[in-house]
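The values are calculated or read from the model by the stated rules, or taken from the named source; none is laboratory data. Keep in mind that what you see is a predicted model, and the values were worked out from it rather than measured. Glycine gets a Cβ as well: all are built from the backbone with ideal geometry, and neighbour counts include every protein chain shown. With ligands, DNA and RNA removed, areas are computed over all heavy atoms of the protein, side chains included. Shrake-Rupley method; radii C 1.70, N 1.55, O 1.52, S 1.80 Å.
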Amino acid sequence: MSEAASARDRLTADRAAGPGLGPLEPMLRAWLPAQRWFAGKGRAIGRLRTISAAELLPPGSAPGLLHLLLDVDGDCYQLLLGIRPSPLPPALAPALIGRAEQGPYAGQSVYEGLGDPRLASLLLERLRSPGTLGPLRFDRDPAAVIPEAPTPRPLSAEQTNSSLIYGDSYILKVFRRVGPGVNPDLELPRALAAAGCARVPAPVAWYEAELPGSEPLTLGVLQPYLRGSDDGWQLALHRLRAGADFTAEAHALGRATAEVHSALAGALPTVALDPEQTARLAAGMTARLAATAREVPALRPYEAGLRGAFDALAASRGTGVPAQRIHGDLHLGQTLRTADGSWALIDFEGEPARPLADRRRPEPAVRDIAGILRSFDYAARSHRPFAPAWADDCRAAFCEGYARTTGRDPREDPVLLRAYETDKAVYEARYESRHRPDWLHVPMAAIRRLSEPQRPPSHRTHPPVPGSTTPHHPKPPRRPLA
């Protein structure tokens, strides 16, 4: 049994005797599968049990706010339910989950609490005042100044979590699927702040659940809201549509990414993967490829060629591969160009589908680099006509910016970079096949390229990047999937 599965089983074992959902259960069974952040779409819910329940307002308050941790078929989900007399005000009607006909909430409407400004403001007040409430513990940076009751509004463009923006000052990420252990989106930004790295917004408050027999579960993190920032993905698309160059921005983003990697390596333990561990890493990539080929028929003709990238990685390592804590799901959509023109990295949660224990393990930094390189390819292929030279120039500029900061150009280890880029493209093919079939052609173009025998590096000259002293090289490719 894996470490993650063992932790999950400890969390959900023997909870059947806990507080029951009663009349809330049928409405939650119908509501949960329709939520963007729910991982069990497309299948009926089997087990649905309460792990913990806490009223964040005194019983009988109107509105009330009920915090739930639910065991849904072995996964733990966080819900914040508003309770109001029926009917709901028109502004809250879209948040309705159902009307309770019996039990302690009989005759009242149950709804998504984060959609109610009064309840969202209450959650911020809890974060302003550290302490415990039932299984919940609220904590904060004592040096932070959190204003009283700024107007909250939900951030709409999300899938795996929910976020609230308070005024123009702070953003609260509420994790939906949670597990035992510190979430990297709290752990890594705190470590970076302590190391003096300003490329990542530092957490100012957070809350957790403390349950018997389990490590604490990170439930939410409050960070500064970078007002006036441009989303890296949208900025790249805007430049493409305008026919404008993006290499200066890509170069600066490479430097920012390198600064974050260097700070993480200095703040948290690093390791060197020995040949046996590297072989296991390659074997995991091969296994993911085989599973994806079974699911995505379009991938099958290229499977043997793609496997070569992983075989080369397994065979190439007489010495260890450096590994450290990394972002884990880096792409242009996880970057912001701030109002002063610098770059910031956000959303350090890693790939939410991976077990939390896996996301907290050291990995080669090139995993993040491959994510950004693939993101440039995604952007170029979303443009009509396809702009391959734009993607090539951005990839080169990013690597040069990274090398200027660290002294190590990621293209100098083509075997490792190709393996991670291939693994990312395989992941993208599975994602697009499941969720956005119209986008499958984007990773498939990379699949075809990466499956071909590797040619000697090209020596095409790229335009110089402002401030760059590193010579240009051609090379590799990505974009946000969520």
*asked:* I'm told THR405 meets every condition in (1) assigned to a helix (DSSP H, G or I); (2) modelled with pLDDT under 95; (3) farther than 21 Å from GLY305 by Cα except one. Can you identify the failing condition by its number?
replied: (2)
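Looking at the stretch 205-259, which of its residues are in a loop (DSSP other than H, G, I, E, B) and more than 16 Å from ALA379 (Cβ to Cβ)?
GLU210, LEU211, PRO212, GLY213, SER214, GLU215, PRO216, TYR225, LEU226, ARG227, GLY228, SER229
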*HIS331 passes all but one of (1) open to solvent by 10 Å² or more (accessible area, probe 1.4 Å); (2) out of contact with any strand residue (DSSP E or B) (no Cβ under 6 Å at 6 or more places or on another chain); (3) over 30 Å from ARG36 (Cα atoms); which number fails?*
(3)
*asked:* Restricting to the stretch 57-99, and then to whatever is in contact with a Gly (Cβ under 8 Å, 6 or more places away or on another chain) and part of a loop (DSSP other than H, G, I, E, B), can you tell me which residue is most open to solvent (accessible area, probe 1.4 Å)?
replied: ASP73
*Within the stretch 11-36, considering residues that are among the hydrophobic types (A, V, I, L, M, F, W, C) and at pLDDT 90 or above, the one surrounded by the most Cβ atoms within 10 Å (Cβ to Cβ)*: LEU24
*Looking at this structure, is ARG361 among the basic types (Lys, Arg), surrounded by 20 or more Cβ atoms within 10 Å (Cβ to Cβ) and touching a strand residue (DSSP E or B) at 6+ places or on another chain (Cβ under 9 Å)?*
no
*Name the residues in the stretch 233-264 that are open to solvent by less than 40 Å² (accessible area, probe 1.4 Å) and under 18 Å from ARG360 (Cα atoms), would you?*
VAL260, HIS261, ALA263, LEU264
*Say we look at the stretch 168-197 and pick out the residues that are over 29 Å from SER52 (Cα atoms) and modelled with pLDDT of 95 or more; which of these is surrounded by the most Cβ atoms within 10 Å (Cβ to Cβ)?*
LEU192
*(1) open to solvent by 20 Å² or more (accessible area, probe 1.4 Å); (2) touching a Phe, Trp or Tyr at 6+ places or on another chain (Cβ under 7 Å); (3) not hydrophobic (A, V, I, L, M, F, W, C): which one isn't true of GLY213, the others all being true?*
(2)
*Quick check: is even one residue across the stretch 408-417 within 21 Å of GLY232 (Cα to Cα), open to solvent by 10 Å² or more (accessible area, probe 1.4 Å) and among the charged types (D, E, K, R)?*
no
*Considering only the stretch 128-167, how many residues are surrounded by 13 or more Cβ atoms within 10 Å (Cβ to Cβ), of a type outside the set (D, E, K, R) and assigned to a loop (DSSP other than H, G, I, E, B)?*
10
*Among the numbered criteria (1) touching a Pro at 6+ places or on another chain (Cβ under 8 Å); (2) surrounded by 15 or more Cβ atoms within 10 Å (Cβ to Cβ), which single criterion is violated by THR292?*
(1)
*Kindly state which helices (runs of 4 or more DSSP H) lie completely within the stretch 278-391 and contain at least 1 residues that are farther than 30 Å from THR405 by Cβ and of a type in the set (Lys, Arg).*
303-315
*Per-region count, the stretch 43-56, residues surrounded by 19 or more Cβ atoms within 10 Å (Cβ to Cβ) and of a type outside the set (Ser, Thr, Tyr)*: 3
*Any idea which residue in the stretch 217-241 is modelled with the lowest pLDDT, counting only those that are charged (D, E, K, R) and closer than 24 Å to ALA202 by Cα?*
ARG227
*Any idea how many residues of the stretch 107-125 are basic (Lys, Arg) and either open to solvent by less than 30 Å² (accessible area, probe 1.4 Å) or over 15 Å from LEU57 (Cβ atoms) (or both)?*
0
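Looking only at the stretch 341-356, decide whether some residue is within 15 Å of GLU421 (Cβ to Cβ) and either of a type in the set (Gly, Ala, Ser) or touching a Gly at 6+ places or on another chain (Cβ under 9 Å) (or both). Step through it out loud before you land on a result.
Residues of the stretch 341-356 that are within 15 Å of GLU421 (Cβ to Cβ), as a first pass: none.
No: the stretch 341-356 contains no residue that is within 15 Å of GLU421 (Cβ to Cβ) and either of a type in the set (Gly, Ala, Ser) or touching a Gly at 6+ places or on another chain (Cβ under 9 Å) (or both).
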*Inside the stretch 334-353, can you point out the residues that are open to solvent by 20 Å² or more (accessible area, probe 1.4 Å) and more than 10 Å from the chain's Cα centre (by Cα)?*
LEU336, ARG337, THR338, ALA339, ASP340, GLY341, SER342
